[in-house]
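Here's the structure we're looking at; comments come further down.
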Amino acid sequence: RKEVEQDPGPFNVPEGATVAFNCTYSNSASQSFFWYRQDCRKEPKLLMSVYSSGNEDGRFTAQLNRASQYISLLIRDSKLSDSATYLCVVNKNNQGGKLIFGQGTELSVKP
Amino acid sequence: NAGVTQTPKFQVLKTGQSMTLQCAQDMNHNSMYWYRQDPGMGLRLIYYSASEGTTDKGEVPNGYNVSRLNKREFSLRLESAAPSQTSVYFCASSEVGAEKLFFGSGTQLSVL
């Protein structure tokens with residue numbers, strides 16, 4: 001079993017739709033969690049951290065469920081520019097060298 | 001602002017050839033990393049350097065060596081390239097203990 005698993009998609013949604021991605025992790029001792037965004041053939045960039053209490057950044061909401069060991073990302077009012085691959089990232093021990101990346105979920109927003 | 005700079009952007013090698021991927025960051029970060037990205041596998045850590053003068057193996061270190069030349073530069077060397085090393089390679093840096101990684105633009109390597 002992979003340490004971090006995501007549905008690879010692709011998720012094809014119309015503009016304005018709400019879309020949710022889930023990610024599961026296997027190590028219950030994992031300390032911190034993130035979503036990165038990767039545009040086609042570009043480098044990954046941090047989208048947002050994920051806190052236990054949940055957090056929101058504009059149209060993006062991230063949730064963490066430690067009991068079930070999953071993380072979610074909700075995108076409301078999808079824009080064409082949201083088309084990208086979203087990477088779920090888990091840190092096993094609060095050190096950069098222990099970041100584990102999921103394989104990514106591809107999102108395509110259509111007009 | 002350059003951030004993290006990787007060279008080359010593209011490289012084609014024959015099996016058995018050697019090469020070095022160069023990475024430099026201008027953000028005064030202590031920690032630097034090398035990842036490879038393959039379809040369906042996500043990014044996997046090859047080596048990392050928590051601070052100048054130290055290097056540690058990541059998840060997939062076999063077939064690679066690294067050098068932390070100074071605080072700015074962290075190079076990745078393939079001594080004898082194999083087709084299994086065909087991949088996209090990313091260098092990254094971060095503040096020590098911080099978890100926000102800044103990535104370079106990647107190197108697409110093909111080994112024939």
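A short reminder: the numbers here are calculations on the coordinates, not readings from a lab. Remember, it's a predicted structure, so these values are computed and weren't measured experimentally. Ideal geometry is used to build each Cβ from the backbone, glycine not excepted, and the neighbour counts take in all protein chains shown.
Key figures
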| read-out | value |
| --- | --- |
| Cβ charges +1 (Lys, Arg) and -1 (Asp, Glu), total dipole of chain A, debye | 240 debye |
| Rg and Dmax [Cα atoms of chain B; Å; Rg one decimal, Dmax integer] | 13.0, 38 |
| Bridge type composition, chain A - antiparallel percent by DSSP, nearest 5 | 90 percent |
| Percent breakdown of C-alpha pair distances by 5 Å bin, ordered from the shortest bin, for chain A | 2, 13, 24, 25, 20, 10, 4, 1, 0 |
| Simple Cβ-charge dipole of region B:41-112, Lys/Arg +1 and Asp/Glu -1, about Cα centre, in debye nearest 20 | 80 debye |
| Integer Hz, Karplus 6.51/-1.76/1.60 couplings in order for region A:60-65, x for Gly and Pro | 10, 10, 10, 10, 10, 10 |
| Environment charge at B:LEU45 (Cβ cut-off 11 Å; Lys +1, Arg +1, Asp -1, Glu -1) | +2 |
| ³J(HN,Hα) computed for each position of region A:3-19 - Karplus, 6.51 cos²θ - 1.76 cosθ + 1.60, integer Hz, glycine/proline x | 5, 10, 10, 9, 6, x, x, x, 9, 10, 10, x, 3, x, 6, 9, 9 |
| Inter-centroid distance (Cα atoms) of region B:41-112 relative to region A:9-43, Å | 23 Å |
| Per-bin percent of Cα-Cα distances, the protein assembly as shown [5 Å] | 1, 7, 15, 18, 18, 16, 12, 7, 4, 1, 0 |
| Most mobile listed residue (B:TYR33, B:TYR64, B:TYR47) in chain B, GNM with C-alpha springs under 10 Å | B:TYR64 |
| Other-chain or far-sequence residues with amide H under 5 Å of B:GLY58's (modelled H) | B:TYR47, B:TYR48 |
| GNM top mover of A:VAL19, A:VAL90, A:VAL50 - chain A, alpha-carbon springs below 10 Å | A:VAL19 |
| Only Lys, Arg (+1) and Asp, Glu (-1) charged, at Cβ; region B:1-71 dipole about Cα centre in debye | 180 debye |
| Peptide B:37-45, shielding by other chains (average Cβ, 10 Å cutoff) | 6 |
| Relative contact order (percent, whole number), chain A, Cα cutoff 8 Å, 6+ residue spacing | 38 percent |
| Two-site FRET efficiency, A:THR18 against B:SER110, from Cβ-Cβ distance with R₀ of 35 Å, rounded to 0.05 | 0.30 |
| Lys/Arg +1, Asp/Glu -1 at C-beta; the protein assembly as shown dipole; positive extreme among B:LEU45, A:LEU99, B:THR15 | B:THR15 |
| Highest-fluctuation residue, A:ARG37, A:ARG59, A:ARG76 considered, GNM on chain A with Cα pairs under 10 Å | A:ARG59 |
